[in-house]
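Undergrad: Sharing a structure below in structure tokens format, with a few things to ask.
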Amino acid sequence: MRATVAFRRVAIILIVLAAAGCVQSDARPCGDVICPSGRVCARGTCVDQSIVSACARLIDGDSCSVPEVGGGTCQSGMCLVGSCGDGVINAIDACDGEDLGGKTCQDFGSSYPEGLKCASDCSFDKSGCQGFCGDSVRQSSEQCDDVDLSGKSCISEGFYSGDLVCTSDCKLNLGGCKGRCGDSIRNSFNEQCDGQDFGGSTCEQRGFHGDVVPLKCTSACGLAPESCTCGGAFCERNTQRCVLTDQIFTCQAVM
């Protein structure tokens, strides 16, 4: 009776362990990554199970074949189709010649894509990957980097004064720049006007009276040539007045 109970207990344990094995994930750690189901870890990278299975009973150097891929040679326990140096990424090649598999330096932490190469052992050569926002060196895709403003200033950006600074994401911050043509605020030291701001001046104050063309401002923040004219010409300041009669402009003496 005791033997029967013991047998049943062992049977229950085996059933539980078998069930646990059925639900356990096929995923396996491989260096810094986890190989998903159907792939195994080989030489630090995840490869398809079929690549390893094809050389299960063979030795390195033997011919092998992977379904839907083709024939290859067993190398380090894997059926590798092609070889490093043939210019095409095969099996465990990270890259091969000019074939980088679509990778750029940005995939390895650089802010810029240029510089990634393939080494002779078909691994990535990242030595040419340089530059990132925050290294104080402006790269071609950055407007600036820390104190490296590439020679730019508030004045070069169209302002009259102020301090140009660089943001943490390597873009120019114009917030510290002051005054520019087009901000609708007349800067007296180098603008005659800006938009509708003529500094409080009018044609009357300038000595042009009557039906003259009102003050106009150009996009360069200067007075338009037709400002204060009378029929296309200027009347004498303060001594004449522009008069429109029957659609004809005349300059008449101020009485």
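Undergrad: About the Cα centre of region 146-210, what is the dipole size in debye to 20, counting +1 per Lys and Arg Cβ and -1 per Asp and Glu Cβ, all else neutral? Mind dumping the intermediate values first?
TA: Values: 6 positive and 10 negative charges, 36 e Å.
Around 180 debye, computed over region 146-210.
Undergrad: If you line up the long axis of helix 2-23 against the longest principal axis of the chain, both from Cα atoms, how many degrees apart are they, to the nearest 10?
TA: Helix 2-23 and the main axis of the chain meet at about 30 degrees.
Undergrad: With N set to the number of residues, divide the alpha-carbon radius of gyration of region 70-110 by 2.2 N^0.38 Å and report two decimals.
TA: Numbers: Rg = 12.2 Å, N = 41, 2.2 N^0.38 = 9.0 Å.
Dividing the Cα Rg of region 70-110 by 2.2 N^0.38 Å gives 1.36.
Undergrad: Same structure again: Run through every distinct alpha carbon pair of region 57-198 and return the Kirkwood hydrodynamic radius in angstroms, one decimal place.
TA: On the way: mean 1/r = 0.0503 Å⁻¹.
By the Kirkwood definition, the hydrodynamic radius is 19.9 Å.
Undergrad: By how many nm would the segment from Glu114 to Gln196 lengthen if fully extended, with 0.36 nm per residue of separation less the alpha-carbon distance?
TA: Stretched fully, the Glu114-Gln196 segment lengthens by 24.6 nm.
Undergrad: Amide H neighbours of Cys79 under 5 Å, counting only residues 5+ apart in sequence or on other chains, H built in-plane at 1.01 Å?
TA: Val52, Ala54, Cys55
Undergrad: So what is the accessible area of region 76-179 per residue, in Å², with the probe set to 1.4 Å? Provide the component values of the computation, followed by the final result.
TA: Details: 5840 Å² over 104 residues.
It amounts to 56 Å² per residue over region 76-179.
Undergrad: For Cα pairs less than 8 Å apart in space and 6+ apart in sequence, what is the mean separation divided by the residue count of region 89-145, i.e. the relative contact order in percent? Before the final figure, lay out each step's value.
TA: Details: 92 pairs, mean separation 15.0, N = 57.
It comes to 26 percent, rounded to a whole number.
Undergrad: Right, another one. Accessible surface of Leu100 in the full protein assembly, 1.4 angstrom probe, to the nearest 10 Å²?
TA: 40
Undergrad: Now for a separate question. Within the chain, how many Lys pairs sit with Cα atoms under 21 Å apart, leaving out pairs fewer than 8 places apart on the same chain?
TA: Numbers: Lys103/Lys117; Lys103/Lys126; Lys117/Lys126; Lys152/Lys171; Lys152/Lys178.
Qualifying lysine pairs in the chain: 5.
Undergrad: Note down the accessible area of Asp99, probe 1.4 Å, to the nearest 10 Å².
TA: 50
Undergrad: Okay, next question. If I take every Cα pair under 8 Å that is 6 or more residues apart in region 145-255, average their sequence separation and divide by the length, what percent do I get for the relative contact order?
TA: Working: 207 pairs, mean separation 17.0, N = 111.
Relative contact order for region 145-255 comes out at 15 percent.
Undergrad: Sort out for me the Cα centre separation of region 117-134 from region 38-100, rounded to whole Å.
TA: Taking the Cα centre of each part, region 117-134 and region 38-100 sit 24 Å apart.
Undergrad: Pairs of alpha-carbon atoms within less than 8 angstrom and 6+ residues apart define the contacts here; what relative contact order does the chain have, in percent?
TA: Numbers: 454 pairs, mean separation 16.1, N = 255.
Computed over the chain, the figure is 6 percent.
Undergrad: On the first, second and third principal axes, largest extent first, how far apart are the outermost C-alpha atoms of the chain in Å?
TA: 137, 57, 41
Undergrad: I've got another one for you. If I take R0 = 41 Å and measure r between the Cβ atoms of Glu236 and Ser184 in this structure, what FRET efficiency does the formula 1/(1 + (r/R0)^6) give, to the nearest 0.05?
TA: Numbers: r = 33 Å, r/R0 = 0.80.
In this case the efficiency is close to 0.80.
Undergrad: Enter the accessible area of Asp48 (Å², nearest 10), with the probe set to 1.4 Å and all protein chains included.
TA: Accessible area, nearest 10 Å²: 60 Å².
Undergrad: Leaving ligands, DNA and RNA out of it, report the carbon-plus-sulfur percent of the accessible area of the chain at a 1.4 Å probe.
TA: On the way: 8640 of 16480 Å².
Of all accessible area on the chain, carbon and sulfur atoms account for 52 percent.
The values are calculated or read from the model by the stated rules, or taken from the named source; none is laboratory data. Since the model is a prediction, treat every value here as computed from it, not as a measurement. Because the Cβ atoms are built from the backbone with ideal geometry, glycine has one as well, and the counts that use them run over all protein chains shown. What goes into the accessible areas is simple: the full protein's heavy atoms, side chains included, and nothing from ligands, DNA or RNA. Shrake-Rupley method; radii C 1.70, N 1.55, O 1.52, S 1.80 Å.
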